[in-house]
Amino acid sequence: QVQLVDSGGGLVQPGGSLRLSCLASGINFRFNNMDWYRQAPGKQRELVATTTWDGSTKYADSVKGRFTISRVNAKSTVYLQMNSLKPEDTATYYCHVQSSGMHYWGKGTLVTVSS
């Protein structure tokens with residue numbers, strides 16, 4: 001059974017940094033694209049970043065140059081390094097994978113950017 005365990009959120013001041021982690025199990029991790037989504041209160045869930053199975057990365061325009069997605073296949077883990085955080089980055093962040101036609105989500109980790 002597929003499990004995604006995301007972690008690393010917290011309270012940080014504007015301009016600060018956080019690193020999120022997502023440990024995946026039940027999938028052949030190295031052959032899957034992995035995503036980070038976020039959902040702010042009252043807003044729709046949006047795609048933040050993707051790391052593809054072949055090593056490419058993609059970012060939402062709002063986080064380009066500030067966030068970096070990476071993966072360690074040997075650890076079945078995907079990371080999201082978030083720098084220069086802004087109050088508008090406040091949201092619950094979710095790890096996501098689509099495998100065998102099914103969508104799987106982590107439980108989410110809350111990031112709050114506030115002074």
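The values are calculated or read from the model by the stated rules, or taken from the named source; none is laboratory data. Just so we're clear, the structure is a prediction, and the values are computed from it rather than from any experiment. As a convention, Cβ positions derive from the backbone with ideal geometry for all residues, glycine included, and neighbour counts pool all protein chains shown. Side chains included, ligands, DNA and RNA excluded: accessible areas come from the protein's heavy atoms. Shrake-Rupley method; radii C 1.70, N 1.55, O 1.52, S 1.80 Å.
Taking a label point 7 Å from the Cα of Ser115 along the Cα→Cβ vector, which residues of the stretch 8-26 have an amide N closer than 18 Å to it? Counting only backbone N, you get 11-17. Full extension of the chain segment joining Gln81 with Asp54 gains 7.8 nm, where the gain is 0.36 nm per residue of separation less the Cα-Cα distance. Per-atom-type breakdown for the chain gives carbon and sulfur 47% of the accessible area (1.4 Å probe, protein chains only).
Shown for the chain is the translational diffusion coefficient from the Stokes-Einstein equation, using the Kirkwood radius over Cα pairs, a temperature of 25 °C and a viscosity of 0.890 mPa s: 175 µm²/s.
For the stretch 52-107, run through the trypsin sites (Lys or Arg not before Pro) and keep only the ones in DSSP coil with at most 14 other Cβ atoms within 10 Å of their Cβ. Answer by residue number: Lys64, Lys107.
A simple charge model with +1 on the Cβ of Lys and Arg, -1 on the Cβ of Asp and Glu and nothing else charged puts the dipole of the chain at about 120 debye relative to its Cα centre.
In a fully extended conformation the segment linking Lys43 and Gln3 would gain 11.9 nm over its present Cα-Cα distance, using 0.36 nm per residue. Summed over the residues of the chain and divided among them, the accessible surface reaches 55 Å² per residue at a probe radius of 1.4 Å. Sparsely packed loop sites in the stretch 3-43 (the trypsin sites (Lys or Arg not before Pro) outside DSSP H, G, I, E and B with at most 15 other Cβ atoms within 10 Å) comprise Lys43.
Which stretch or stretches of the stretch 14-32 have amide N atoms under 15 Å from the point lying 7 Å from Ser99's Cα along the Cα→Cβ direction? Answer for the stretch 14-32: 22-32. DSSP beta bridges confined to the chain are antiparallel in about 95 percent of cases.
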